[in-house]
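Trainee: Below are the structure tokens for one structure; questions will follow.
The values are calculated or read from the model by the stated rules, or taken from the named source; none is laboratory data. The shown structure was predicted, so the numbers you read here are calculated from the model rather than taken from an experiment. Ideal geometry is used to build each Cβ from the backbone, glycine not excepted, and the neighbour counts take in all protein chains shown. Only protein heavy atoms, including side chains, enter the accessible area calculation; ligands, DNA and RNA are left aside. Shrake-Rupley method; radii C 1.70, N 1.55, O 1.52, S 1.80 Å.
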Amino acid sequence: MNNQKKRNFKIEAFKQRVVVDPKYADKTWKILEHAIHEIYNHNASGLSFEELYRNAYNMVLHKFGDKLYGELVTTMTSHLKEISKSIEAAQGGLFLEELNRKWNDHNKALQMIRDILMYMDRTYIPSTHKTPVHELGLNLWKDYIIHSSKIQTRFLNTLLELVHKERTGEVINRGLMRNIIKMLMDLGSSVYQEDFEKPFLEVSAEFYKGESQKFIECCDCGEYLKKAERRLNEEMERVTHYLDVKSETKITYVVEKEMIANHMLRLVHMENSGLVNMLLDDRYGDMGRMYNLFRRVPIGLSSIREVMTSHLRETGKQLVTDPERLKDPVEFVQRLLDEKDKYDNIISSAFNNDKTFQNALNSSFEYFINLNPRSPEFISLFVDDKLRKGLKGVSEEDVETILDKVMMLFRYLQEKDVFEKYYKQHLAKRLLSGKTVSDDAERSLIVKLKTECGYQFTSKLEGMFTDMKTSQDTMQDFYAHHPELGDSRTLVVQVLTTGSWPTQPGVTCNLPAEMSALCEKFRSHYLGTHTGRRLSWQTNMGTADIKTVFGKGQKHELNVSTYQMCVLMLFNNADRLNYKEIEQATGIPAPDLKRCLQSLACVKGKNVLRKEPMSKDIGEDDAFFVNDKFSSKFYKVKIGTVVAQKESEPEKQETRQRVEEDRKPQIEAAIVRIMKSRRVLDHNNIITEVTKQLQSRFLANPTEIKKRIESLIERDFLERDNVDRKLYRYLA
């Protein structure tokens with residue numbers, strides 16, 4: 001096959017010249033024109049499309065493309081003028097139906113004509129830059145039907161009237177509307193926009209402007225929002241049924257502007273039904289609706305947020321400054337937690353967990369909690385109450401929830417070190433009296449505090465637990481070395497590390513001889529096994545169990561404080577003692593002695609002593625004797641100490657003073673740290689950086705920072721610049 005000779009093909013001209021009939025173009029066009037008429041008259045079934053295609057093909061081939069294109073435009077225009085008259089004649093509701101029917105006919109005809117003239121479409125039209133057949137048919141429809149002087153205005157008004165009817169509750173033919181709108185979009189996006197969308201949006205704006213004005217005058221806020229939401233949903237539904245999808249943002253913008261943005265402030269502040277009333281009445285549905293609608297408009301959410309913040313700060317301020325509400329610290333903190341729970345639910349359920357709303361909530365709580373200087377003390381008292389008795393029978397998960405809520409309030413405190421002071425005092429009382437409900441809960445809270453504030457914050461608290469454990473081992477060792485004391489452990493000593501516990505140096509009392517000898521024995525044992533240590537008894541922090549026999553032989557075991565024990569033991573050797581004698585014999589400080597006697601003689605049901613004269617207060621001339629008629633249905637009776645749950649004013653001042661003293665070294669340490677890294681810094685920047693470093697523990701006072709700087713200058717840690725006196729240098 002490869003060896004065969006290659007054959008060369010040659011194309012030659014016809015031997016004789018081809019002569020075209022001069023009337024060929026006219027004759028051929030007549031055939032094509034007749035076919036187009038038949039197509040428009042729905043008689044296309046008898047036509048031979050193959051023959052027609054060939055005729056059109058030959059006309060283009062023989063350079064009659066111009067004639068073919070020109071005649072096509074003339075014929076289609078003629079038909080469309082007839083169609084226009086037919087549409088104009090249609091009355092009422094038949095107008096759009098006739099228009100839709102004729103449009104469908106025109107589209108089918110256009111498809112067939114394009115098939116016949118396909119060769120012209122592919123060769124002649126691109127080379128002459130003329131409009132393709134299908135596009136030509138659409139343009140002619142637009143010019144002679146849609147933009148017809150007798151149809152254009154009537155067409156637009158009919159469409160707008162149908163939309164208005166639907167808005168006022170009437171049912172319209174959505175299928176017909178969808179077809180008509182699709183026709184406009186098929187004619188080009190500019191036709192849809194100019195001939196329908198733009199006037200549609202203008203009319204809609206007028207409609208909603210009037211309707212919103214009517215609604216705002218007669219509806220409350222919740223009702224108005226429901227109507228606005230319904231209108232917005234209707235417009236979005238309208239788009240899905242028969243409008244261009246791109247119209248959705250435009251029409252919703254109109255509704256949002258007219259129904260929401262223009263009335264936003266009036267709605268939020270509406271009397272008896274605005275946002276404040278919704279917050280007070282927990283109307284989550286209305287608030288959620290307001291949030292979802294207002295988020296659609298500029299500054300919508302910020303206007304809700306501002307009103308919520310303002311209301312919350314006002315109610316919070318009343319909550320923390322109302323003297324009546326400050327009487328019970330536990331109730332005070334519980335109200336704060338309830339308020340926080342309420343707003344957490346609102347933000348979660350109605351405001352979509354919006355971070356900006358959560359931040360506003362946090363800043364509001366931080367603002368008003370710190371308006372009350374006793375908030376750290378009250379939060380600690382709340383914890384104390386829960387860990388003493390409030391968590392009995394509560395599951396671990398619920399305990400964690402309560403502790404997490406407490407930590408949330410703790411985070412808002414600016415003076416966290418004040419909380420630490422009180423917490424340490426309350427924890428000490430719980431541990432020493434054995435009154436804590438759960439060691440796990442105690443440790444869990446300390447872990448949370450450690451996570452929040454670091455090791456330094458909780459190291460002393462953890463030291464307290466360590467002391468309790470060590471004390472158990474110490475007592476076992478003590479009794480092991482003194483078998484003569486027997487199995488009954490008359491004395492239990494907790495050995496506390498001075499720096500870790502809130503001890504009060506120098507507060508002692510005269511213990512009964514029996515106890516004093518035992519205490520001395522323990523001291524000798526302890527100091528014998530631990531060299532270089534000192535022991536000082538904190539009798540104000542102890543408790544005792546004493547067995548008593550009253551007048552008619554009734555026996556009870558009384559659980560009392562060490563001070564109460566000292567007082568009661570005096571009555572083993574005396575029937576009657578006056579205040580002065582008791583004070584002299586025990587050496588208990590006067591305020592503590594008065595509270596002690598009050599709890600023994602003035603508390604109904606626990607009055608193991610009687611006093612003369614009978615009164616609630618203890619006077620220096622009062623006399624005391626055993627209440628022989630004392631009875632209780634319990635064998636073991638706890639005699640509490642009458643103590644103010646909150647600190648008295650002098651105690652408060654003392655705690656504040658201790659806090660201020662503790663802050664001084666912390667401020668100085670922060671200044672040194674900053675200056676060590678920066679070497680040179682001006683006064684204002686030192687204040688700013690120290691405040692920032694210490695804000696996790698407390699809000700440093702600029703005056704105190706200045707005093708600490710002066711102190712550091714005196715001790716040669718810093719020096720002032722010779723030229724600029726506000727500039728400080730670090731001295732290594």
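Trainee: Note the full-extension length gain between residue 414 and residue 152 as 0.36 nm times their separation in residues minus their Cα-Cα distance, in nm to one decimal. Before the final figure, lay out each step's value.
Mentor: Details: separation 262, 0.36 × 262 = 94.32 nm, distance 7.18 nm.
Taking residue 414 through residue 152 to full extension adds about 87.1 nm, to one decimal.
Trainee: Just check region 533-624 against the gyration tensor rule for me: Cα atoms, a ≥ b ≥ c as the square roots of the eigenvalues, rounded for a/c under 1.5, and otherwise prolate or oblate depending on whether a/b exceeds b/c. Walk me through the numbers before you get to the answer.
Mentor: Numbers: a/c = 1.74, a/b = 1.20, b/c = 1.45.
The shape class here is oblate.
Trainee: Sticking with this one: Taking only protein heavy atoms into account and a 1.4 Å probe, give the accessible area per residue of region 311-370 in Å².
Mentor: Values: 2720 Å² over 60 residues.
Ligands and nucleic acids excluded, the result is 45 Å² per residue.
Trainee: Evaluate the distance, in nm, between pseudo-label points positioned 7 Å from the Cα of residue 615 and of residue 477 along their respective Cα→Cβ axes.
Mentor: That separation, rounded to one decimal, is 5.2 nm.
Trainee: Taking amide hydrogens as modeled 1.01 Å from N in the peptide plane, which residues meet the under 5 Å criterion relative to residue 637, leaving out close sequence neighbours?
Mentor: 557, 558, 559
Trainee: Whole Å is fine, so just give me how far the alpha carbon centre of region 555-605 lies from that of region 270-316.
Mentor: 59
Trainee: Here's another thing I want to ask about it. Could you work out [θ]222 nm for the chain from helices alone, using -39500 (n - 2.57) per DSSP H run of at least four and dividing by all its residues? Round to the nearest 500 deg cm²/dmol.
Mentor: Values: 30 runs with 445 residues, N = 732.
Calculated at 222 nm, the ellipticity per residue is -20000 deg cm²/dmol.
Trainee: Right, something else. With a 1.4 Å probe and every protein chain kept in, tell me what percent of the accessible surface of the chain is carbon plus sulfur. Kindly include the intermediate steps, with their values, before the conclusion.
Mentor: Working: 19570 of 39930 Å².
Carbon and sulfur atoms account for 49 percent of the accessible area of the chain.
Trainee: Using DSSP to define loop residues, name the trypsin sites (Lys or Arg not before Pro) in region 534-573 whose beta-carbon has at most 15 other beta-carbon atoms within 10 Å. Numbers along the way, then the final one.
Mentor: Values: sites: 534, 547, 552, 555; in loops: 534, 552.
When the trypsin sites (Lys or Arg not before Pro) of region 534-573 are filtered for loop state and at most 15 Cβ neighbours within 10 Å, 534, 552 remain.
Trainee: Of 242, 308, 293, which is farthest on the positive side of the dipole of region 240-381, counting Cα position, with +1 on Lys and Arg Cβ, -1 on Asp and Glu Cβ, and the Cα centre as origin?
Mentor: 242
Trainee: What FRET efficiency comes out for residue 186 versus residue 34 if R0 is 30 angstrom and r is the Cβ-Cβ distance? Round to the nearest 0.05. Provide the component values of the computation, followed by the final result.
Mentor: Values: r = 28 Å, r/R0 = 0.94.
According to the calculation, E is roughly 0.60.
Trainee: Let me ask another. If you average the sequence gap of Cα pairs under 8 Å that are 6 or more apart and divide by the length of the chain, what percent do you get for the contact order?
Mentor: Numbers: 699 pairs, mean separation 45.2, N = 732.
Relative contact order comes out at 6 percent.
Trainee: Based on the Cβ-Cβ distance from residue 400 to residue 172, what FRET efficiency comes out when R0 is 56 Å, to the nearest 0.05?
Mentor: On the way: r = 60 Å, r/R0 = 1.07.
Plugging the Cβ-Cβ distance into 1/(1 + (r/R0)^6) gives 0.40.
Trainee: Which one, [x] 84, 68, 50; [y] 156, 77, 70; [z] 152, 85, 69, gives Cα extents along the principal axes in Å as derived from the coordinates shown?
Mentor: From the options [x] 84, 68, 50; [y] 156, 77, 70; [z] 152, 85, 69, the structure gives [y].
Trainee: Between region 427-482 and region 362-379, what is the separation of their alpha carbon centroids in Å?
Mentor: The distance from the Cα centre of region 427-482 to that of region 362-379 comes to 28 Å.
Trainee: Right, another one. Convert each backbone phi in region 330-337 into a coupling constant with the Karplus relation 6.51 cos²θ - 1.76 cosθ + 1.60 (shift: θ = phi - 60°), then list the ³J(HN,Hα) values in order as whole Hz, x for Gly and Pro.
Mentor: Each residue's phi maps through the Karplus curve to give 5, 5, 4, 5, 4, 5, 4, 5 Hz.
Trainee: Per residue, how many Å² of accessible area does region 491-555 show with a 1.4 Å probe? Could the numbers behind the result be given before it?
Mentor: Values: 4050 Å² over 65 residues.
Accessible area per residue: 62 Å².
Trainee: What does the accessible area per residue of region 38-90 come to in Å², with a 1.4 Å probe and no ligands, DNA or RNA counted?
Mentor: Accessible surface, normalised per residue, equals 53 Å².
Trainee: Which value in nm describes the separation of the simple spin-label points at residue 353 and residue 42, placed 7 Å from the Cα toward the beta carbon?
Mentor: 6.1
Trainee: Now, a different point. Note the full-extension length gain between residue 118 and residue 362 as 0.36 nm times their separation in residues minus their Cα-Cα distance, in nm to one decimal. Intermediate results must be reported in sequence, preceding the final value.
Mentor: Details: separation 244, 0.36 × 244 = 87.84 nm, distance 7.22 nm.
Value of the extension gain: 80.6 nm.
Trainee: While we're looking at this one, here's another question. Placing unit charges on C-beta atoms (Lys and Arg positive, Asp and Glu negative, everything else neutral), compute the dipole magnitude of the chain about its Cα centre in debye, rounded to 20.
Mentor: On the way: 112 positive and 107 negative charges, 361 e Å.
Magnitude of the dipole: close to 1740 debye.
Trainee: Further, regarding this structure: Extending each Cα 7 Å along its Cβ direction at residue 240 and residue 330, get the distance between those two points in nm, one decimal.
Mentor: 5.5
Trainee: Given 0.36 nm per residue, what is the gain on full extension from residue 722 to residue 282 after removing their alpha carbon distance, in nm? Intermediate results must be reported in sequence, preceding the final value.
Mentor: Details: separation 440, 0.36 × 440 = 158.40 nm, distance 6.39 nm.
Separation in residues times 0.36 nm, less the Cα-Cα distance, equals 152.0 nm.
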